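Reviewing the structure listed below.
The values are calculated or read from the model by the stated rules, or taken from the named source; none is laboratory data. A quick note: this is a predicted structure, and the numbers were derived from the prediction, not measured. No Cβ is skipped: glycine too gets one built from the backbone with ideal geometry, and neighbour counts run over all protein chains shown. These accessible areas exclude ligands, DNA and RNA; they are computed on the full protein's heavy atoms, side chains included. Shrake-Rupley method; radii C 1.70, N 1.55, O 1.52, S 1.80 Å.
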Amino acid sequence: MSQKQLKEAFISNLNGTSLLEVSLGLPLAPLCLLCRGLLLILYHLHNGKPLRSRTCSLLLDFAVLVSPLLFSCTVLSPIIFFPPSIIAAICAGIFAKIYSQRKHDTRAPFRQIVKDFQRTYLDSEYIPAITALRVYVNVLTSIGILAVDFPQFPRRYAKAETYGTGVMDLGVGAFIFGNALVCPEVRQKSYVTQAKFSHLAKQFFSIWPLIFLGVGRLLSVKSIAYQEHTSEYGVHWNFFFTLAFVRLAASLLLAIIPTNKSWIVAVNLAVLYQLILNITSLKTFVLHGSDGKDTRVGFFNANREGLLSLFGYLAIYMASVQVGLYLKKQRNSVKDWMEAVCSLLLTVLVLFVLLHLSQAHADPVSRRMANLSYCIWVVAHCLTFFVFFLVTDLVLLFTKLLVKGSSVPSCWSVAKPPNTSKKDETEAVPVRRESELSHACLISAVNKNQLLFFLLANVVTGIVNIMIDTIHSTTALTLCILHLYMFFNCLIMYILHAKNIVLKFW
């Protein structure tokens with residue numbers, strides 16, 4: 001077998017892992033974010049000032065926010081429950097130290113601190129957990145696309161061939177989920193102020209970079225005979241095309257249907273698609289082609305997975321739009337957000353029950369078809385992931401109240417409640433967002449240029465695969481390459497952030 005065939009076989013015919021193992025890995029990234037925030041607050045407590053060194057901030061962010069993820073998906077993967085437990089214990093220790101060493105003049109009874117915390121006023125327009133989720137989905141995806149080519153990355157974490165729940169299967173749907181949370185229809189800016197036709201025209205124009213990247217990836221992969229997993233999207237299709245067409249189709253639907261009814265569209269689309277898969281021969285066509293022998297003759301046969309999975313991804317997108325609208329509701333206090341956490345957890349519980357029923361009576365999870373079970377699984381896990389980040393932000397906010405003047409990048413900042421007097425009734429309350437004021441934050445850096453970060457990761461992944469025999473790499477070499485790869489990607493984003501450069505030209 002050629003090197004290309006060896007690498008294709010290395011990532012093919014896999015069955016994924018259990019739902020439980022995927023769920024156990026979800027708290028890791030939020031715990032890393034919590035640990036970084038608590039360390040910054042502890043530094044402020046001991047030094048009386050925040051950490052200002054850009055170099056130290058970058059190294060701290062990379063060591064705490066990224067490096068644990070690299071270890072968890074390689075050498076620590078046999079004990080996936082261990083890293084979150086250790087980091088949670090470290091966070092508990094740091095919090096205990098902060099609580100015991102806070103200044104005497106700010107030492108109020110714990111019950112009073114909790115009451116003050118619940119009444120804390122927040123900026124309802126800025127939800128840092130959304131930013132953290134979108135950035136971490138991008139970071140985890142970037143890690144996965146290169147790590148999957150190394151033997152130290154467990155095969156059960158890679159994308160399943162037909163049925164199964166690999167960690168990377170979740171990443172694909174999470175990308176769709178994250179994009180929908182901040183789509184124009186949710187933000188309701190251009191969507192409200194412009195006519196529907198001009199809004200659609202703007203959305204059509206905005207997807208051209210994705211089409212361009214999709215074509216670029218197709219041409220580059222074919223020209224250098226790069227390894228491909230054909231049953232993932234097909235011969236010519238790729239994820240950039242999926243992102244573009246799902247976004248365009250969603251904009252068309254939302255121009256016809258009220259945005260607050262998007263969940264109805266999502267449910268009907270996913271259920272109808274599953275019924276057609278089960279009742280007709282469509283499932284056989286997706287899995288085996290029109291002749292039952294996995295033919296790839298003709299465009300539709302060649303790209304059947306990519307084209308037909310659009311229905312499932314569109315259902316995920318529409319469901320995520322509804323989630324985005326719910327999160328954008330006016331919530332001014334911590335108490336309001338604590339109630340939102342309870343509501344989201346209840347929704348997650350319902351979704352997991354539906355997932356169990358769907359797998360038992362409809363079909364197991366299949367990313368290849370993006371079936372009903374896959375849609376429910378993605379939305380349930382993404383909501384769980386988001387809740388973890390939301391709780392992280394609330395814990396950090398509570399800790400900041402213990403240390404006056406402390407700041408944490410990409411975290412809620414306390415704001416003064418609006419003046420209720422008639423004189424100031426209509427005046428806006430200025431809210432200082434720490435994510436904007438901070439000059440050194442990896443989360444903000446990646447968030448500013450997310451598409452560029454993902455594109456850079458894809459390009460560097462291709463270069464590494466061409467230059468290195470990844471399949472036969474030692475553990476030490478693998479860890480070294482993955483750390484250098486992620487540090488390079490993060491450094492580029494960090495430099496652009498420091499110079500306030502946003503490479504967006506569409």
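Selection within the range 92-126: residues that are closer than 18 Å to SER407 by Cβ and β-branched (Val, Ile, Thr). The member of this set that is modelled with the highest pLDDT is ILE94.
Return the residues of the range 300-314 that are aliphatic (A, V, I, L, M) and either free of Cβ contacts under 8 Å to residues at least 60 places away in the same chain or buried (at least 21 other Cβ atoms within 10 Å of the Cβ) (or both); say none if nothing qualifies. Result: LEU308, LEU314. Residues of the range 366-393 that are open to solvent by 10 Å² or more (accessible area, probe 1.4 Å) and either in contact with a strand residue (DSSP E or B) (Cβ under 9 Å, 6 or more places away or on another chain) or at pLDDT below 95 (or both): ARG368 alone. Exactly one residue among LEU327, LEU346, LEU351 is open to solvent by 20 Å² or more (accessible area, probe 1.4 Å) and within 22 Å of ILE176 (Cβ to Cβ), and that residue is LEU351. If I filter the range 59-110 down to residues being of a type in the set (S, T, N, Q) and free of Cβ contacts under 8 Å to residues at least 60 places away in the same chain, which single residue comes out as farthest from SER23 (Cα to Cα)? In this case the residue turns out to be GLN101. Suppose we filter the range 111-144 for residues that are more than 20 Å from TRP412 (Cβ to Cβ), touching a residue at least 12 places away in the same chain (Cβ under 8 Å) and surrounded by fewer than 18 Cβ atoms within 10 Å (Cβ to Cβ); how many remain? Count: 0. In the range 315-322, is there at least one residue being within 26 Å of PHE175 (Cα to Cα), open to solvent by 20 Å² or more (accessible area, probe 1.4 Å) and at pLDDT 95 or above? Yes: the range 315-322 contains one or more residues that are within 26 Å of PHE175 (Cα to Cα), open to solvent by 20 Å² or more (accessible area, probe 1.4 Å) and at pLDDT 95 or above.
Looking only at the range 288-299, decide whether some residue is more than 21 Å from LEU133 (Cβ to Cβ), hydrophobic (A, V, I, L, M, F, W, C) and surrounded by fewer than 19 Cβ atoms within 10 Å (Cβ to Cβ). Within the range 288-299, one or more residues are more than 21 Å from LEU133 (Cβ to Cβ), hydrophobic (A, V, I, L, M, F, W, C) and surrounded by fewer than 19 Cβ atoms within 10 Å (Cβ to Cβ). Put simply, of PHE204, PHE239 the only residue that is open to solvent by 20 Å² or more (accessible area, probe 1.4 Å) and more than 23 Å from the chain's Cα centre (by Cα) is PHE204.
Where in the range 1-57 are there helices (runs of 4 or more DSSP H), lying fully within it, with 1 or more residues that are within 23 Å of the chain's Cα centre (by Cα) and of a type in the set (Val, Ile, Thr)? Fully inside the range 1-57 and qualifying: 19-25.
Of these, LYS222, LYS293, LYS202, LYS283, which one is basic (Lys, Arg) and closer than 19 Å to ARG367 by Cβ? Answer to the check: LYS283. Given the criteria of a type in the set (A, V, I, L, M, F, W, C) and surrounded by fewer than 20 Cβ atoms within 10 Å (Cβ to Cβ), does ILE90 qualify? So ILE90 passes the test. Counting the residues of the range 54-70 that are farther than 19 Å from VAL137 by Cβ and either in contact with a helix residue (DSSP H, G or I) (Cβ under 8 Å, 6 or more places away or on another chain) or open to solvent by less than 60 Å² (accessible area, probe 1.4 Å) (or both) gives 5.
Given the structure, is TYR157 in contact with a Pro (Cβ under 8 Å, 6 or more places away or on another chain), touching a residue at least 40 places away in the same chain (Cβ under 8 Å) and of a type outside the set (Val, Ile, Thr)? Against the criterion (in contact with a Pro (Cβ under 8 Å, 6 or more places away or on another chain), touching a residue at least 40 places away in the same chain (Cβ under 8 Å) and of a type outside the set (Val, Ile, Thr)), TYR157 does not qualify. Scoring LYS261 on the criteria (1) within 21 Å of ASP363 (Cβ to Cβ); (2) part of a helix (DSSP H, G or I) leaves a single failure, condition (1).
Of the residues making up the range 270-283, those that are open to solvent by 30 Å² or more (accessible area, probe 1.4 Å) and either at pLDDT below 90 or assigned to a helix (DSSP H, G or I) (or both) are VAL271, LEU272, LEU275, ILE276, ASN278, ILE279, LEU282, LYS283.
State which residue pairs qualify: first residue in contact (Cβ under 8 Å) with a residue 12 or more places away in the chain and open to solvent by 30 Å² or more (accessible area, probe 1.4 Å) and inside the range 10-25, second residue among the polar types (S, T, N, Q) and not in a loop (DSSP other than H, G, I, E, B) in any location, beta carbons under 6 Å apart, and separation of 6 or more residues or different chains. Correct list of pairs: LEU19/THR165.
Apart from one condition, SER77 fits all of (1) open to solvent by less than 10 Å² (accessible area, probe 1.4 Å); (2) at pLDDT 95 or above; the exception is (2). Are any of the residues in the range 225-232 more than 24 Å from LEU210 (Cα to Cα) and within 26 Å of the chain's Cα centre (by Cα)? For the range 225-232, residues more than 24 Å from LEU210 (Cα to Cα) and within 26 Å of the chain's Cα centre (by Cα): absent. With respect to being out of contact with any Gly (no Cβ under 7 Å at 6 or more places or on another chain), assigned to a helix (DSSP H, G or I), at pLDDT 90 or above and within 30 Å of ALA360 (Cβ to Cβ), SER231 falls outside the description. Quick check on the range 247-269: of everything there that is among the polar types (S, T, N, Q) and open to solvent by less than 30 Å² (accessible area, probe 1.4 Å), which residue is farthest from SER206 (Cα to Cα)? Per the stated criteria, the residue is SER262.
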